[in-house]
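The values are calculated or read from the model by the stated rules, or taken from the named source; none is laboratory data. In this text, all values refer to a predicted model and were calculated from it rather than measured experimentally. All Cβ positions, glycine included, derive from the backbone under ideal geometry; neighbour counts span all protein chains shown. Quick note on the areas: whole protein, heavy atoms, side chains included, nothing else; ligands and nucleic acids left out. Shrake-Rupley method; radii C 1.70, N 1.55, O 1.52, S 1.80 Å.
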Amino acid sequence: MAASSSSAATAKQSDHSSPSEETEEESEFCPGFKDVDAFVKHGLGAVVSATKASAALPAAGDEFDLYRSFPAFQQFCASQGDRLLHCMTQIMQHHGCRSHMRDRNRLTGLEDRFDLVVDSNDAILEKVGILLDEASGVSRTQQPVMPAGYQPPKIVVSSWNRRVSFSGGERRDETFHLLHAKNIQRPQLKFKEKVDNSNTPFVSKIFIKPNAVKPLPSYSKLLPNERPEDLDVPAALADFIHQQRTQEHVDDMFSHPYQYELDHLVMPESLKCKPDVQMYKPLAESTCQFIYTLDDLVALNEKLAKVSEFAVDLEHHSYRSFLGITCLMQISTREEDFIIDTLELRSEMYILNETFTDPAIVKVFHGADSDIEWLQKDFGLYVVSMFDTHHAARCLNLGRNSLDHLLKVYCSVNSDKRYQLADWRIRPLPDQMLKYAQADTHYLLYVYDRVRADLYDMGNGQPTLIQQVWDKSRDLSLKKYVKPIFTEDSYMELYRKQKKSFNTQQLAAFRLLYAWRDKLGREEDESTGYILPNHMMMKIAEELPKEPQGIIACCNPTPPLVRQQINELHQLIKQARETPLLKVCTILFGPHDTSRSSESDFLDLSSFETPTKPGVLFSEEEDESVNQEGKSLHGLIASAKISLFAVGHLKRNSEKPVCVSLWFSMFRCIRMYCKYLPSKDIHISKNAKYDPSSKIYEIHNRWKLQSIAQQQKEAQEKQQAKEQAKKAQEERKKAKLSYQESLQNVHTVRQQVAEAKQAGQKRERAASDAGEESIKPKMKVSKTESETSKKAQDSQFDPNRQAHGPKQKKKGQKKNAVGGRSMSYVPAKSDRGFRHNWPKR
Ligand code: AMP
Ligand code: MN
Ligand code: ZN
């Protein structure tokens with residue numbers, strides 16, 4: 001940065017002198033530059049020199065440590081560091097971002113500062129993206145910028161790229177220029193299977209499972225009418241079996257299709273010894289086949305089936321789509337490179353599962369976290385037998401773990417990651433982008449050899465470290481794609497991230513805008529960042545503009561859909577303004593607090609409340625001790641909820657594995673409670689809704705139907721249970737009364753005996769002889785009398801209750817309550833009211 005600012009300054013000065021002399025009277029774009037191109041050219045040049053300069057700095061680890069032992073170097077670093085932080089703070093402040101980068105006294109760790117930079121970058125890049133859109137055709141004054149539904153292909157998305165030429169693996173820089181990706185047709189329009197943006201959990205797209213050890217479960221058995229087991233077993237048992245099976249199927253629906261295979265995966269023997277390193281071919285001499293037909297894809301798959309390893313990478317686009325689109329897949333074998341047009345072959349990509357899940361073929365990725373998710377999301381592809389060179393780099397402590405660093409270390413190739421963020425939807429792909437994509441996998445098998453050799457050496461001639469990387473990679477393959485789910489609480493996470501303090505009206509506006517943006521994003525298949533960038537949403541919520549024009553003023557440049565829906569937005573802000581005004585919305589940590597775990601964002605805890613209620617039924621209107629049992633049960637459930645979400649609090653630094661386990665728990669919850677989710681929460685994308693071929697459509701409808709039937713059934717069940725409870729209580733009251741009555745009877749008998757005794761004593765005193773003998777038989781009589789009377793009274797009791805004394809009875813009830821409680825989840829899922837089929841005891 002320091003280098004960039006100084007070089008920028010000098011470049012600017014030199015630039016300044018020449019053009020101004022030539023065109024003195026002409027108006028300049030800005031001081032020193034005659035037009036935008038000149039300015040941009042200079043800007044890009046400055047950025048490139050800055051990047052180069054920073055790359056030339058001594059690397060963290062050995063080099064840096066050596067330099068740091070010199071005080072002069074230390075001093076220089078400190079002063080330059082301060083300068084840098086100052087620059088960054090100024091830039092951040094200029095863009096209205098929060099900045100306390102230089103404040104060393106604050107208790108802000110490196111991580112927090114890094115978050116600050118990332119947030120600011122996001123805000124600035126969002127602005128840049130929108131400005132570029134505007135500059136390249138999406139004019140602010142254009143009338144209907146975006147028609148309802150999908151836009152025509154005239155929408156222009158800009159993408160700037162640098163022209164680079166590769167020669168023999170070495171890169172030569174040429175001039176810089178802006179590459180406008182004009183006339184990009186929305187690829188979604190051509191997809192055979194429409195994108196499913198519905199607010200429902202992701203269901204795997206896989207329908208054929210090659211290399212299966214455990215066959216793919218059939219989801220069709222989920223149909224509620226199918227219940228073959230009730231033919232030859234008692235109804236209650238049939239229900240129970242059906243329940244178990246249904247649950248298994250729902251489990252299957254959300255489980256990883258290759259879970260079993262991955263759980264039982266063993267590392268191939270060939271990885272256990274030191275590899276022979278096989279040199280890559282020079283990039284320029286390698287053939288790269290562009291694959292965009294099914295025939296070619298099939299041929300590629302056959303080729304891949306014959307090799308023992310190949311490298312894979314993906315390019316993805318996420319700005320003009322809600323869930324993102326995988327645009328390209330690069331594959332390299334030892335001999336050849338391939339680039340697959342995954343926009344064209346999206347629906348056919350699944351055939352690659354044959355090689356991708358073949359445990360005998362190692363798939364080499366670099367940083368596969370996202371790739372694994374994208375493969376599932378877009379193609380239903382899974383990976384069995386993966387080696388991630390990113391994890392190898394981490395294990396080797398290479399300092400930096402990026403692919404460019406590995407290429408530099410092992411291949412002496414200066415790769416240029418500039419195209420990483422290019423718009424990969426562009427077709428036909430410019431040569432430079434194709435070359436870039438090819439380079440992403442071209443060297444990877446060689447890197448794979450080299451890192452394995454290093455891991456082997458580092459492990460003192462043992463494959464332990466290779467095994468470690470293998471295990472990490474296997475865990476990565478087990479990752480499941482999780483669709484972003486909108487809940488009533490989702491907005492709070494973003495709100496907390498912004499660390500602003502909103503009053504109730506502002507927060508209400510923020511909540512409404514967030515929901516509007518999510519809904520529209522799903523419907524129009526646009527990213528939320530495209531619909532309304534975060535910083536603009538914050539600004540509107542903060543300012544609560546009274547007029548539509550005020551909303552427009554908060555967004556510079558105005559996103560097309562904001563302009564189009566300005567009246568709706570105006571109404572939302574109006575609604576927010578009607579919220580009672582309280583000063584500051586303090587955020588308290590509690591079960592609803594999601595500030596530390598983004599995953600918790602996806603489920604609304606309030607929707608969990610309903611199903612806990614049936615448990616209360618059994619303790620309702622009971623005596624105090626039972627009530628306490630009920631309460632403690634509630635406490636239990638509440639704490640379970642918190643602990644589920646608290647996982648994120650505990651393990652913030654390892655969010656990804658947490659994500660997997662958390663989502664596993666969540667899916668269990670979704671599975672249990674999806675029927676309770678209020679239907680208003682589910683808005684489904686138009687496409688998915690009307691496309692009956694979509695799996696989610698089918699499932700969603702089934703759930704929806706079930707949930708209505710379920711609600712009615714449940715209401716009935718509740719009513720019945722309540723009535724039963726009432727009846728039982730009345731019976732108990734009756735029994736209590738008659739018992740008391742009988743006790744009174746017993747009392748009178750005793751009294752009689754006592755009276756008789758007294759009379760006897762009197763008589764005794766009178767007769768003076770044989771007193772005891774005469775009383776004893778009378779006592780016996782009274783005892784038998786009391787027994788018979790108690791038996792008579794007992795016969796009025798419920799036989800269920802008879803067996804227990806008062807203490808036992810309590811225990812029995814507790815057992816019932818617990819049983820009823822835990823069971824209440826299960827029958828609640830059954831649409832056949834199965835709770836009542838169970839024998840009463
Ligand atoms: P790569 O594995 O480096 O080829 O990156 C694959 C895809 O990840 C790219 O096509 C981008 O969509 C996305 N990507 C990579 N790096 C970034 C980044 N720094 N920010 C946002 N997206 C990125
Ligand atoms: Mn990648
Ligand atoms: Zn890539």
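What pairs come up if the first residue lies in region 69-92 and is under 15 Å from residue 58 (Cβ atoms), the second is open to solvent by less than 60 Å² (accessible area, probe 1.4 Å), and their beta carbons are under 8 Å apart, counting only those six or more places apart or on different chains?
80/2
Among (1) buried (at least 20 other Cβ atoms within 10 Å of the Cβ); (2) of a type in the set (D, E, K, R); (3) away from ligand 3 (no atom under 16 Å from the Cβ), which single condition is residue 394 missing?
(1) is the only condition that residue 394 fails.
Any chance you could count how many residues in region 308-338 are among the acidic types (Asp, Glu), closer than 26 Å to residue 269 by Cα and within 11 Å of ligand 2 (Cβ to nearest atom)?
Going through region 308-338 one residue at a time, the tally reaches 1.
Identify, by number, the condition in (1) over 18 Å from the mean Cα position of the chain (by Cα); (2) within 14 Å of ligand 3 (Cβ to nearest atom); (3) not aromatic (Phe, Trp, Tyr) that residue 370 doesn't meet.
(1)
Quick one: which helices (runs of 4 or more DSSP H) sit completely within region 453-554 and have at least 1 residues that are among the basic types (Lys, Arg)?
464-477, 490-498, 504-524, 534-543
Does residue 507 meet the test of being away from ligand 1 (no atom under 16 Å from the Cβ) and either touching a Cys at 6+ places or on another chain (Cβ under 7 Å) or free of Cβ contacts under 8 Å to residues at least 12 places away in the same chain (or both)?
It is true that residue 507 is away from ligand 1 (no atom under 16 Å from the Cβ) and either touching a Cys at 6+ places or on another chain (Cβ under 7 Å) or free of Cβ contacts under 8 Å to residues at least 12 places away in the same chain (or both).
Residue 477 is checked against (1) touching a strand residue (DSSP E or B) at 6+ places or on another chain (Cβ under 6 Å); (2) closer than 19 Å to residue 332 by Cα; (3) open to solvent by less than 30 Å² (accessible area, probe 1.4 Å) and fails just one. What number does that condition carry?
Of (1) touching a strand residue (DSSP E or B) at 6+ places or on another chain (Cβ under 6 Å); (2) closer than 19 Å to residue 332 by Cα; (3) open to solvent by less than 30 Å² (accessible area, probe 1.4 Å), only one is false for residue 477: (2).
Which residues, taken from region 414-433, are in contact with a Lys or Arg (Cβ under 8 Å, 6 or more places away or on another chain) and away from ligand 2 (no atom under 14 Å from the Cβ)?
Listed by number, the residues that qualify are 414, 416, 418, 425, 432.
Conditions (1) open to solvent by 30 Å² or more (accessible area, probe 1.4 Å); (2) under 20 Å from residue 95 (Cα atoms); (3) out of contact with any Lys or Arg (no Cβ under 8 Å at 6 or more places or on another chain), marked per residue:
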{"position": "523", "(1), (2), (3)": "yes, no, no"}
{"position": "527", "(1), (2), (3)": "no, no, no"}
{"position": "534", "(1), (2), (3)": "yes, yes, yes"}
{"position": "541", "(1), (2), (3)": "no, yes, yes"}
{"position": "549", "(1), (2), (3)": "yes, no, yes"}
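Report every pair of residues separated by at least 6 positions or lying on different chains whose Cβ atoms are under 6 Å apart, first residue within region 455-471 and more than 18 Å from residue 361 (Cα to Cα), second assigned to a helix (DSSP H, G or I) and charged (D, E, K, R).
463/272
Pick from 224, 228, 215: which is at pLDDT below 65, open to solvent by 20 Å² or more (accessible area, probe 1.4 Å) and within 33 Å of the chain's Cα centre (by Cα)?
224
Against the definition (under 16 Å from residue 333 (Cβ atoms) and either at pLDDT 95 or above or more than 13 Å from ligand 3 (Cβ to nearest atom) (or both)), how does residue 382 come out, yes or no? Steps first, answer last, please.
On the way: under 16 Å from residue 333 (Cβ atoms): no; either at pLDDT 95 or above or more than 13 Å from ligand 3 (Cβ to nearest atom) (or both): yes.
Taking the combined requirement at face value, the residue does not satisfy it.
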